[in-house]
1. Determine which member of the set 51, 36, 60 is at pLDDT 90 or above and either surrounded by fewer than 17 Cβ atoms within 10 Å (Cβ to Cβ) or under 18 Å from residue 90 (Cβ atoms) (or both).
2. If you take the residues in the range 81-96 that are surrounded by 15 or more Cβ atoms within 10 Å (Cβ to Cβ) and among the polar types (S, T, N, Q), which one is farthest from residue 19 (Cα to Cα)?
3. So residue 21 fits all but one of (1) touching an Asp or Glu at 6+ places or on another chain (Cβ under 7 Å); (2) more than 13 Å from residue 84 (Cβ to Cβ); what number is the exception?
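The values are calculated or read from the model by the stated rules, or taken from the named source; none is laboratory data. Being a predicted model, the structure only gives us computed values, none of them experimental. Methodologically, a virtual Cβ is constructed for each residue, glycine included, from the backbone with ideal geometry; neighbour enumeration extends over all protein chains shown.
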Amino acid sequence: MSVGNADRVAAIKDNGGVTTTATIVSIDSRRASSSDPRPKIIYTPEYEYVDEAGTTHMIDGSEEKTRQSSPSFQIGDTASVMYDPEDPSNAFLEGQGESSPLTTYFPLVFCVVGLGLAIFDLMNSTKARREEE
């Protein structure tokens, strides 16, 4: 998720974001550009939701790349959407515009563990050189 998208999601939440149900009304499909003789197909669902004023809005869902003849979602499937009550066309599908703790902290944990292993290896190699002398 890009930083801009994270900021947009935070702004919607801070502005008292309203949650409602969105329904898939269409599914766009296109071939992924690939040199593979069996390229993947990219499916993008389009969701429809109605704001508190009764106005209908559309939002695209996450793309799904697959070699299957149909995506894992179908027209009529539903999801939760949160929109800005001051600008109901500004919305995101919950779970798509947010980062999970795993994706947020995994890179940090990975770096700390890697740095720790590098320091441990350096200390052991220094100790081994001292013992050889």
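1. 51
2. 96
3. (1)
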